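**Q** Take a look at this one; I'll ask things after.
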Amino acid sequence: MMHSTLVDELDEGFSPMDGLVAIDQMFSELPLLHAGLAPKRIRKRTARKLRVYRGCFDWYNSLDFSYVQIGTTLHVLELWYDKNPNLSQADVVLGTGQTEGYEPFDNQPSDS
């Protein structure tokens with residue numbers, strides 16, 4: 001889940017194709033990378049403390065984002081620019097090409 005203004009920020013902050021790739025990685029690759037941390041059973045009550053995760057893009061690691069997990073749904077909270085990124089602080093790096101089951105948006109055949 002991501003608020004529409006954050007989707008717009010990704011879309012408008014990059015070239016048209018890069019914006020689409022960034023949005024696709026956020027919605028498609030992030031849940032696959034995070035699947036190992038997903039609860040086996042949905043709890044009736046959410047935990048009192050939510051862990052805030054941090055991620056970035058491999059191809060533009062200066063753009064960081066934060067997200068939380070509620071049940072099996074990831075909620076992107078914030079995007080920000082980090083002039084001196086520290087990848088050791090990132091829980092997730094999108095776009096490394098190592099996510100099992102993820103088919104990158106730019107590799108999908110066109111309908112033409």
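FYI, it's all coordinate maths here, none of it is from the lab. It should be emphasised that the depicted structure is a prediction, and the values quoted were computed from it without experimental measurement. Note: ideal-geometry Cβ built from the backbone for every residue, glycine included; neighbour counts use all protein chains shown.
**Q** Given 0.36 nm per residue, what is the gain on full extension from H3 to V93 after removing their alpha carbon distance, in nm?
**A** Contour length minus Cα-Cα distance gives 30.3 nm.
**Q** Additional query: Would you mind putting 57-65, 96-104, 4-12, 81-89 in packing order, based on average other-beta-carbon counts within 10 Å, highest first?
**A** Most protected by this proxy first, the peptides run 57-65, 4-12, 96-104, 81-89.
**Q** Between D82 and E103, what FRET efficiency follows from the Cβ-Cβ distance if R0 is 25 Å, with the result rounded to 0.05? Don't skip to the answer; put the middle values down first.
**A** On the way: r = 28 Å, r/R0 = 1.13.
For R0 = 25 Å, the calculated efficiency reads 0.30.
**Q** Could you check the simple spin-label distance between R48 and S62, using points 7 Å along Cα→Cβ, in nm with one decimal?
**A** Each label point is offset 7 Å from its Cα along the Cβ direction, giving 4.2 nm.
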